[in-house]
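Note sheet for the following structure.
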Amino acid sequence: MERPRYSIVAPCYNEEGVLHELYRRISAVMDSIGEPWELVLVNDGSHDRTPEIMRELHRRDPRVKVVDFARNFGHQIAVTAGLDFAQGDAVVIIDADLQDPPQVISDMVNKWKEGYEVVYAVRTHRKGETWFKRFTASLFYRLIYRITDVKIPLDTGDFRLMDRKVVDALKQMRERHRFIRGMTSWVGFRQTGVYYVREERFAGQTHYPFRKMFKFALDAITGFSYLPLQLATYLGFAIAGLSALAAVIVIIARLFIGAAPFYGQATTLVCVLFIGGVQLITLGIIGEYLGRIYDEVKGRPLYVLREAIGFGGSEALSTRREVE
Ligand code: UDP
Ligand code: MG
């Protein structure tokens with residue numbers, strides 16, 4: 001089979017309701033571009049009929065290829081596996097639920113042909129998501145922008161096109177706690193954006209409850225910033241400064257006014273609890289980084305495969321070996 005020029009990578013977790021429609025829309029857009037393409041579907045340990053439907057699509061159209069995980073490893077890892085297996089000169093990451101409209105891919109391809117190496121999609125609106133999700137997402141993007149060292153464009157998700165050179169650079173970054181949009185900013189290259197409206201989910205519901213979003217935010221922050229660690233230093237200086245000031249006030253008051261400006265147990269208790277709280281928080285922050293270091297040091301593979309279908313056996317295995 002001829003080598004694909006474009007690879008579309010879609011991570012899927014319990015997406016039985018959308019896969020047929022995803023295939024239909026992707027193939028319509030990609031066929032209209034008129035160059036060979038492949039659709040890499042990554043099954044991230046779904047509990048529904050997702051893997052069966054993927055295999056069925058592959059039987060119908062061998063351009064659909066399947067990467068089947070042994071369990072759920074999470075969205076960012078699923079995307080990573082898709083990038084590892086994709087063979088195209090340009091690779092597009094897209095959500096399976098059709099919130100990222102496939103027709104945007106043709107705009108991305110045009111930009112790529114103009115010479116851009118990363119074309120990310122910027123959301124101008126989000127449809128059908130709760131105000132809570134929109135609010136936390138907006139806060140998240142702005143916080144990350146402020147405190148991290150790489151400048152990640154605001155309101156962009158993982159929906160993006162990347163040149164082969166960018167994908168090869170990403171494949172060398174095997175960190176476990178992944179924030180792929182940050183990693184693509186980090187590698188550099190010529191980048192530009194296209195605008196789109198984020199649609200409602202085609203079927204099913206979000207797999208990013210608050211708990212997962214929080215963990216994702218922590219991965220993003222710890223992966224790209226030392227600011228939380230430095231916070232301990234700043235807090236330490238601030239509190240030490242304040243207490244030195246308090247000591248001076250107490251001494252002056254005792255010597256010259258003959259009164260104690262701080263009274264009784266309550267003051268002591270509040271001070272002790274405050275310091276205790278600050279110490280626990282900073283310990284927790286150190287713990288977040290320490291746990292991540294431990295995960296890296298263990299050096300486990302990022303994911304475990306049950307099967308990879310449609311990549312021509314040895315070829316796929318050799319790409320995987322290269323990167324591990
Ligand atoms: N996803 C995944 N593994 C997970 C959670 C989600 O592969 O553990 C996939 C999911 O199938 C979808 C994409 O990641 O294609 C985005 O997830 P979702 O739509 O649930 O998140 P949201 O768009 O609500 O942020
Ligand atoms: Mg979604």
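The values are calculated or read from the model by the stated rules, or taken from the named source; none is laboratory data. In this text, all values refer to a predicted model and were calculated from it rather than measured experimentally. Glycine also receives a Cβ, built like all others from the backbone with ideal geometry; neighbour counts cover every protein chain displayed. The accessibility values were calculated without ligands, DNA or RNA, using every heavy atom of the protein model including side chains. Shrake-Rupley method; radii C 1.70, N 1.55, O 1.52, S 1.80 Å.
Are any residues in region 289-309 farther than 10 Å from Arg176 by Cβ and basic (Lys, Arg), and if so, which ones? Arg306, the sole residue that qualifies.
Within region 180-189, the residues that satisfy the criterion of being among the hydrophobic types (A, V, I, L, M, F, W, C) and either more than 14 Å from ligand 1 (Cβ to nearest atom) or open to solvent by 60 Å² or more (accessible area, probe 1.4 Å) (or both) are Met183, Trp186, Val187, Phe189. For Ile249, the criteria (1) of a type in the set (Val, Ile, Thr); (2) closer than 26 Å to Arg176 by Cα; (3) modelled with pLDDT of 85 or more hold in every case but one, which is (2). Residue pairs whose Cβ atoms lie under 7 Å apart, separated by 6 or more positions or on different chains, with the first residue in region 274-301 and touching a residue at least 60 places away in the same chain (Cβ under 8 Å) and open to solvent by 40 Å² or more (accessible area, probe 1.4 Å) and the second among the β-branched types (Val, Ile, Thr) and assigned to a helix (DSSP H, G or I), are Glu288/Thr222.
Applying a threshold of 7 Å to beta carbon distances and a minimum spacing of six or more residues, or different chains, the list of pairs starting in region 218-240 at a residue that is touching a residue at least 40 places away in the same chain (Cβ under 8 Å) and ending at one that is of a type in the set (Phe, Trp, Tyr) reads Asp219/Phe179; Ala220/Phe179; Thr222/Tyr289; Gly223/Phe179; Phe224/Phe179; Leu229/Tyr289.
Checked against the criterion of being open to solvent by less than 40 Å² (accessible area, probe 1.4 Å), away from ligand 1 (no atom under 16 Å from the Cβ) and in a helix (DSSP H, G or I), the candidates Thr222, Thr192 yield just one match: Thr222. Screening Arg146 with (1) more than 27 Å from Leu22 (Cα to Cα); (2) surrounded by 13 or more Cβ atoms within 10 Å (Cβ to Cβ); (3) not aliphatic (A, V, I, L, M) gives one miss only, at (2). In region 189-231, of all residues being more than 16 Å from ligand 2 (Cβ to nearest atom) and touching a Gly at 6+ places or on another chain (Cβ under 8 Å), the one that is nearest to Thr50 (Cα to Cα) corresponds to Ala220.
Do we have Asp48 as within 22 Å of Gly312 (Cβ to Cβ) and out of contact with any Gly (no Cβ under 8 Å at 6 or more places or on another chain) here? Explain how you work it out, then say what you get.
On the way: within 22 Å of Gly312 (Cβ to Cβ): no; out of contact with any Gly (no Cβ under 8 Å at 6 or more places or on another chain): yes.
Answer is no for this residue.
Against the conditions (1) at pLDDT 90 or above; (2) assigned to a loop (DSSP other than H, G, I, E, B), Arg160 satisfies every one except (2). Suppose the filter is in contact with a helix residue (DSSP H, G or I) (Cβ under 9 Å, 6 or more places away or on another chain), among the polar types (S, T, N, Q) and either touching a residue at least 60 places away in the same chain (Cβ under 8 Å) or within 15 Å of His75 (Cβ to Cβ) (or both); does Gln205 pass it? Here the answer is no, as Gln205 does not meet what is asked. Of all the numbered requirements in (1) more than 22 Å from the chain's Cα centre (by Cα); (2) surrounded by fewer than 24 Cβ atoms within 10 Å (Cβ to Cβ); (3) more than 16 Å from ligand 2 (Cβ to nearest atom); (4) not in a helix (DSSP H, G or I), Glu38 misses one, and that requirement is (2). In region 47-62 there is no residue matching the filter, namely being within 16 Å of ligand 2 (Cβ to nearest atom), under 18 Å from Phe159 (Cα atoms), in contact with a strand residue (DSSP E or B) (Cβ under 9 Å, 6 or more places away or on another chain) and touching a residue at least 24 places away in the same chain (Cβ under 8 Å).
Among the numbered conditions (1) in contact with a helix residue (DSSP H, G or I) (Cβ under 7 Å, 6 or more places away or on another chain); (2) of a type outside the set (D, E, K, R); (3) within 15 Å of ligand 1 (Cβ to nearest atom); (4) assigned to a helix (DSSP H, G or I), the only one that Val29 does not meet is (3). Take Pro153 and tell me if it is assigned to a loop (DSSP other than H, G, I, E, B), of a type outside the set (Asp, Glu), touching a strand residue (DSSP E or B) at 6+ places or on another chain (Cβ under 7 Å) and at pLDDT below 90. Yes.
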